[in-house]
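Reading through the structure tokens given below for one structure.
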Amino acid sequence: MVLGHGHRRLSLASSRSSAEEVRPEPAAGEDETVIDADQGNVLSHIISQLRPGADLSRVTLPTFILEPRSMLERITNFMAHPETLLPMPKIEDPVERFISVVKFYLSGWHIKPPGVKKPLNPILGEVFTCWWDYPDKTRGYYISEQTSHHPPKSSYFFMAPDHHIRIDGTLKPRSKFLGNSAASMTEGLAVMRFLNRGERYFITQPNMYARGILFGKMKYELGDHSFVRCPELGLVADIEFKTKGYFSGTYNAIGGFIRDMKTDQNLYELSGLWNAEMYIKDLATGKKQILFDATHAKETPPLVRPLSEQDERESQRLWKEVTAAIKRKDQDTATDHKSRIEDMQRMEASKRADEGVDWHPRLFRRVQGGPGGPEEGEEDLDWIINARVDGKTPAEQTRQILQIAAILPGHDPHRRFSIPSRKTSLETVPRATHHAHSKSPLDASKHVGEHSSSADGPSEDLIDFGQHDASASAAPPPKRQELFSRESYSGFGDPERQPTPQPAGLQAPLVPTPAAGAKAPPHERPDSRNSIMRQDSQSDELDEFVDAES
């Protein structure tokens with residue numbers, strides 16, 4: 001389960017923090033990986049080059065340690081129990097409703113592959129979408145994009161319109177080498193909203209540790225504190241994921257309390273194992289009962305469009321050769337295909353740097369936080385879906401969601417998630433936003449996110465999912481003038497209007513946006529061609545759009 005966190009403190013229950021080395025238990029289990037001699041030699045050779053406390057950003061690990069799916073897809077683990085997810089907004093008692101959110105939060109951690117595995121690093125601009133069909137004939141929709149590579153940021157959006165649930169999140173992992181362990185210090189935040197209640201739940205996650213990476217059996221642990229907080233209800237859950245000490249304790253244990261922030265009084269105590277039975281105890285009555293039993297829980301995986309309908313930069317199609325090779329344990333083929341994808345990303349970054357072009361997420365925009373901002377208090381999200389999903393009915397909200405990206409089979413919202421070619425290192429794609437008062441397709445709001453550029457490709461270390469590079473300095477964001485092809489607006493924002501036929505294969509090249517301060521040649525300046533004027537529906541700014549050239 002992956003949600004994200006803003007600020008975390010380490011465990012205070014022991015004189016040793018989770019970041020320090022702990023002694024692994026000899027017993028084998030589903031959280032352990034036994035490495036053969038050849039694999040162990042390769043792993044030891046790679047990691048022996050590091051020193052305790054070092055960053056793992058430049059460590060490339062063999063593919064036998066990889067999970068055959070991208071991090072963008074792995075995030076869906078925490079939506080995989082609809083039986084805990086969907087009933088929450090309907091609960092009338094506010095304390096019981098908060099407890100249901102804690103139960104939902106704890107229900108996804110047991111979903112993981114056997115042993116110690118890390119997901120594939122999403123490349124910059126990679127996209128993954130999916131949906132769930134629920135027993136009550138409703139649906140949940142998920143959209144995600146890798147919004148930054150240095151440092152890595154995976155941004156996602158989930159919504160179940162008929163159940164009034166929306167989740168926005170960004171995952172920001174960073175790694176450390178701790179001797180015989182590696183740690184993923186996972187920062188970020190998830191904000192769950194109950195739209196029928198006007199409530200927000202700020203959710204963080206624990207750190208993740210891989211023990212025994214140099215000698216002994218590799219062991220997966222969760223450690224340190226995470227929080228679930230609802231400012232509207234004045235309730236917070238402080239949950240400690242406990243790591244095993246040298247001489248005492250057990251693996252996979254949790255503990256914590258649900259507290260009333262107004263009175264600073266603990267109401268409930270949490271205990272148990274995150275991969276087995278978890279309990280909640282009412283401190284007023286002393287009654288203790290099972291909160292969630294992971295041993296008998298069966299997750300509901302998401303549904304995904306066929307590979308034939310996916311674009312080149314969608315996760316399952318992008319990594320299909322790598323994941324197929326990992327599943328059949330063909331490490332040479334997996335490594336070869338993974339290297340090709342990494343080399344492609346390096347080439348794209350180099351091309352952007354050469355041309356002074358900024359990269360922008362296609363589906364997400366910068367959070368507008370700060371005092372008085374529309375997302376005040378949610379600054380740790382960094383990125384949020386770049387579309388308004390505010391319809392008055394679930395049907396209207398669903399229509400708005402399906403205009404953002406291709407999610408369902410046969411569904412084409414007229415976007416293209418193509419890998420930029422050598423001719424066009426930036427493809428800026430306009431985005432449809434549903435407005436009740438839009439009079440034409442050109443009235444649809446079009447935004448692109450803030451820049452996030454990198455000169456390096458991904459690095460496959462044990463825990464980190466593509467790390468920061470201090471030497472890669474991003475160019476300042478471009479001014480608010482983006483160049484689009486006139487054809488890209490055809491039928492946009494109007495589901496009933498038929499689009500202008502698009503070129504076969506990838507979308508026709510668009511003119512790259514120059515870095516701030518760069519002057520376009522005279523023949524490329526907007527005043528030398530026919531232009532389209534559009535007034536922004538939110539800011540009332542007047543934007544000028546001109547035809548692009550190949």
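The values are calculated or read from the model by the stated rules, or taken from the named source; none is laboratory data. All values reported here derive from a predicted model rather than from experimental measurement. Cβ placement follows ideal geometry from the backbone for every residue including glycine, while neighbour counts extend to all protein chains displayed. To get the accessible areas, we keep the full protein, side chains included, count just its heavy atoms, and leave off ligands, DNA and RNA. Shrake-Rupley method; radii C 1.70, N 1.55, O 1.52, S 1.80 Å.
General remarks:
- If the condition is being in a helix (DSSP H, G or I) and either open to solvent by 80 Å² or more (accessible area, probe 1.4 Å) or closer than 23 Å to Phe104 by Cα (or both), then the range 275-316 contributes Ala294, Thr295, His296, Ser308.
- Scope the range 330-344; condition surrounded by 17 or more Cβ atoms within 10 Å (Cβ to Cβ), within 23 Å of His150 (Cα to Cα) and not charged (D, E, K, R); matching residues: Thr335, His337, Ile341
Yes/no matrix, rows are residues, columns are (1) part of a helix (DSSP H, G or I); (2) more than 23 Å from Lys392 (Cα to Cα); (3) out of contact with any Phe, Trp or Tyr (no Cβ under 8 Å at 6 or more places or on another chain):
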residue	(1), (2), (3)
Glu92	no, no, yes
Val102	yes, yes, yes
Gly108	no, yes, no
Pro114	no, yes, yes
Pro122	no, yes, no
Lys137	no, no, yes
Glu145	no, yes, no
Ser155	no, yes, no
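- For Asp343, the conditions (1) free of Cβ contacts under 8 Å to residues at least 40 places away in the same chain; (2) in a helix (DSSP H, G or I) all hold with the exception of (1).
- For Lys117: the one exception among (1) at pLDDT 90 or above; (2) open to solvent by 10 Å² or more (accessible area, probe 1.4 Å): (1)
- Of all the listed residues (Gln310, Gln368, Gln345), the sole one being in contact with a helix residue (DSSP H, G or I) (Cβ under 7 Å, 6 or more places away or on another chain) and of a type outside the set (D, E, K, R) is Gln310.
- When residues in the range 221-256 are screened for being surrounded by fewer than 23 Cβ atoms within 10 Å (Cβ to Cβ), more than 22 Å from Arg166 (Cα to Cα) and aromatic (Phe, Trp, Tyr), 3 of them pass.
- Residue, nearest to Leu318 (Cα to Cα), within the range 346-375, restricted to residues that are assigned to a loop (DSSP other than H, G, I, E, B) and among the charged types (D, E, K, R): Arg362
- Taken together, the residues in the range 187-206 that are crowded, with 23+ Cβ neighbours inside 10 Å and out of contact with any Leu (no Cβ under 7 Å at 6 or more places or on another chain) amount to 2.
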